[in-house]
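Encoded as structure tokens, the structure appears first; notes follow it.
The values are calculated or read from the model by the stated rules, or taken from the named source; none is laboratory data. Keep in mind it's a predicted model, so treat the numbers as computed, not measured. Don't worry about glycine lacking a Cβ; one is built from the backbone with ideal geometry, like all the others, and counts go over all protein chains shown.
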Amino acid sequence: MLLTLPDEILLKILNCLFGFLSYIRGPDVFACRLVCRRLSRIGEDIIFKDIVLAADHCGLRSLLDLSSSSLRHRVKKLRFRFEVFDPQLATSLARFAAKVRQANGWEIGDDFEDLREYFEEYRECFHAQTLFEQGMMNTPVLALALNRLENLRSIRLSQRYGNALEKEPDLEEDESPDVIQSPVGHTIFKALVDALAQCQGYIEDLELGEDPYDNGLVGLIQRLDPVSDPRYQQVFGNLKRLTIALPWTMGPNKKLNYSGLSMLIGCPRALEVLCLTFPCRSRDPLPPYFLRSIHQPNLSTLVLRNVAFQEPTHLLVFLQAHATTLRKLEIRRLILEQGSWETAVRGMRSVLRLESCSVGSLYIKKDGIDSPLEGSSLFYPAVGAFIRREFDDDPFKLLAVPTQEHGSS
């Protein structure tokens, strides 16, 4: 029976059975032989479709080797991951020791030789990343490799913080502005743009950041200036899907580069899916001029997570601009600075004609604190169904504590 199932179902079943393989004995093993042969064929088909590479010399060498092999035609998605290292920590053992002890709870009397070994590793990684960053812009190797990947359609770029520190920089206190504002991400991104501009293929899916596991590619986003480089239009003009993990903080006294984001979102000529997320609930609402600047005439799916709006009107104007094409909406952990979610929900029901609507964890700002709308387990599914016009019953009757607007109606 297993041999008659679709590949996706077969893989899921065998994954669930993996933990029981130790109990299989004798004839049962041979009975699975045909299934194993089929799995090998499935493996040959899906292998190398989704490749994860470190954005360093080793990763680039692996990419070049892959692009020279017969497997290059299987590659459809590349994930570039890079590390950000603090130059102050990489050049001072004393600062490095203090940071490691703070992050990992080391005591002054801990083994100094181990600490020095960590420091040397961190410094070597920092220098290797610096050399790669400086040389990547001037080499045609990346363009050569990408051009050979004829079926490449998706690229993801994500970062993590230096491997010697087990704890990321304290973004709440803005302890590490040099790390947060690191130009490494933008340098790698620009190198990718330069390389892709020389390729005959095209990209349909772009992911910047790896929500919800990082603070967003701050250094990249803050340096975005697509209007100054026509290659952005050339490279990203065919995007169908765009996912951006927005940074929760940009460092002391820094504002998010909304103009650069707006121009990047405007590059695709027929964008169908847009996903904007913050790693946690945003402290600042999206400005109205940014929302008004986004208009994609083919947008069918919109995902918003941890995003704040000043008032319901700003959200509704943004949604209404895409009302004729929008069919799927996912909103989770959204915050309203002013007004009520009842106004927003009724407005969404009025202007949208959705096939799918997923709603979760809505907040309103009270005395500077994000207060969730608390109701029964049916509340948020009921809100989604109400927006989709599946029924007319007021979902806000399911709230544990009625809102001021609902209580006065």
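Summary of values
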{"read-out": "Test: residue in region 140-153 that is among the polar types (S, T, N, Q), modelled with pLDDT of 85 or more and part of a loop (DSSP other than H, G, I, E, B)", "value": "yes"}
{"read-out": "Verdict on Ile369 being aliphatic (A, V, I, L, M) and free of Cβ contacts under 8 Å to residues at least 12 places away in the same chain", "value": "yes"}
{"read-out": "Answer from Val317, Val235 - the residue that is among the hydrophobic types (A, V, I, L, M, F, W, C) and in contact (Cβ under 8 Å) with a residue 40 or more places away in the chain", "value": "Val235"}
{"read-out": "In region 250-271, residue modelled with the highest pLDDT [restricted to those that are closer than 20 Å to Ala308 by Cβ and assigned to a loop (DSSP other than H, G, I, E, B)]", "value": "Asn257"}
{"read-out": "Test for Leu63: is it part of a helix (DSSP H, G or I), surrounded by 14 or more Cβ atoms within 10 Å (Cβ to Cβ) and touching a residue at least 12 places away in the same chain (Cβ under 8 Å)", "value": "yes"}
{"read-out": "Filter result for the condition that a residue is of a type in the set (Ser, Thr, Tyr), at pLDDT 85 or above, over 16 Å from Gly216 (Cα atoms) and in a helix (DSSP H, G or I), over Tyr202, Tyr122, Tyr118", "value": "Tyr122"}
{"read-out": "Verdict on Arg292 being without any contact (Cβ under 8 Å) to a residue 40 or more places away in the chain, surrounded by fewer than 16 Cβ atoms within 10 Å (Cβ to Cβ) and farther than 25 Å from Phe189 by Cβ", "value": "yes"}
{"read-out": "Residue in region 32-50 that is at pLDDT 70 or above, crowded, with 18+ Cβ neighbours inside 10 Å and either farther than 18 Å from Leu192 by Cα or out of contact with any His (no Cβ under 6 Å at 6 or more places or on another chain) (or both) present", "value": "no"}
{"read-out": "Of all residues in region 51-60 being within 12 Å of Phe132 (Cα to Cα) and of a type in the set (A, V, I, L, M), the one that is surrounded by the fewest Cβ atoms within 10 Å (Cβ to Cβ)", "value": "Ala54"}
{"read-out": "Qualifying positions in region 295-308 - buried (at least 21 other Cβ atoms within 10 Å of the Cβ) and either of a type in the set (S, T, N, Q) or more than 24 Å from Ser356 (Cα to Cα) (or both)", "value": "Gln296, Asn306"}
{"read-out": "Any hit, region 272-281, residues being part of a loop (DSSP other than H, G, I, E, B) and under 20 Å from Gly260 (Cβ atoms)", "value": "yes"}
{"read-out": "Residue within region 277-289 that is of a type in the set (Lys, Arg), in contact (Cβ under 8 Å) with a residue 40 or more places away in the chain and buried (at least 16 other Cβ atoms within 10 Å of the Cβ) present", "value": "yes"}
{"read-out": "Region 355-391 - residue that is surrounded by 17 or more Cβ atoms within 10 Å (Cβ to Cβ) and among the aliphatic types (A, V, I, L, M) and, of those, farthest from the chain's Cα centre (by Cα)", "value": "Ala382"}
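This table checks each residue for (1) within 18 Å of Ile203 (Cβ to Cβ); (2) in contact with an Asp or Glu (Cβ under 9 Å, 6 or more places away or on another chain).
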{"site": "Phe236", "(1), (2)": "yes, no"}
{"site": "Lys240", "(1), (2)": "yes, yes"}
{"site": "Leu246", "(1), (2)": "no, yes"}
{"site": "Leu256", "(1), (2)": "no, yes"}
{"site": "Ser259", "(1), (2)": "no, yes"}
{"site": "Arg269", "(1), (2)": "yes, no"}
{"site": "Val273", "(1), (2)": "yes, yes"}
{"site": "Thr277", "(1), (2)": "no, yes"}
